[in-house]
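Heads up: the structure comes next, in C-alpha cells.
Nothing in this text is a laboratory measurement; each read-out follows from the coordinates by a stated rule. Here the structure is a predicted model, which means the values were calculated and not measured. Neighbour counts run over all protein chains shown; Cβ positions are idealised from the backbone, glycine included.
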C-alpha cells in the first residue's frame with residue numbers, strides 16, 4: 001500500500017485515549033449524504049498512523065476520531081480500542097481504507113465497505129442531522 005498521510009485539525013490526549021478531530025467539508029456531506037457522514041471517523045482510525053501509534057506507545061488504550069462541520073457541529077465519532085484489531089484484521093482495514101480513498105468517488109460501495117467494517121469493530125455514534133436513525 002502506498003503511503004497514506006493523515007492531516008487532522010487537532011490531536012489531543014485524554015488519559016490513555018488519543019483523540020483525533022477533523023473538519024469535514026460541507027460539500028462532501030451534501031454530495032455523499034449519510035454515507036460520507038458515516039465514513040469520516042473510519043478514515044482516521046483505520047490507517048497506518050493509528051496502527052503505528054498502537055505499536056509504538058503501549059500506554060495508548062484507544063484512538064477516538066471525531067469529524068465536525070466547519071461550524072463545529074459534530075458529525076460522527078468512533079473509537080478503536082487497542083486490542084480490537086490484530087495481525088490478521090489490520091491488513092483488511094488498511095485495504096478497505098485504500099479502496100475507499102482511491103475509488104470511493106466512482107465506486108461508493110468501497111466507502112460503504114469501510115463503514116460496515118468500522119461499525120463492526122468500533123464504538124461509534126452519528127449525529128442524526130447527518131445520519132438519520134437507522135444510519136442508512
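From helices alone, the chain scores -14000 deg cm²/dmol at 222 nm; the rule is -39500 (n - 2.57) for each run of n ≥ 4 DSSP H residues, then divide by the residue total. Relative contact order for the range 39-136: 30 percent, from Cα pairs under 8 Å spaced at least 6 residues apart, divided by residue count. Spatially, the range 13-48 and the range 69-136 are offset by 8 Å when compared through their Cα centroids. May I ask for log10 I(q)/I(0) of the range 71-128 at q = 0.24, 0.28 Å⁻¹, from a Debye sum over the Cα atoms as equal point scatterers with solvent left out? Values, matching the q order: -1.03, -1.13.
Using a Förster distance of 22 angstrom, determine the FRET efficiency expected from the C-beta separation of residue 49 and residue 109, and round it to 0.05.
0.30
Comparing 98, 83, 34 in a Gaussian network model of the chain, where Cα atoms under 10 Å apart are tied by springs, the biggest mean-square fluctuation is seen for 83.
Among DSSP beta bridges lying fully in the chain, give the percent that are antiparallel, nearest 5. Each step should come with its number before you reach the end.
On the way: 16 of 23 bridges.
Counting only bridges with both partners in the chain, antiparallel ones make up about 70 percent.
Mean-square fluctuation check for the chain, GNM, Cα pairs under 10 Å: which of 15, 40, 104 is largest? With Cα springs under 10 Å in the chain, the top fluctuation among 15, 40, 104 is at 15.
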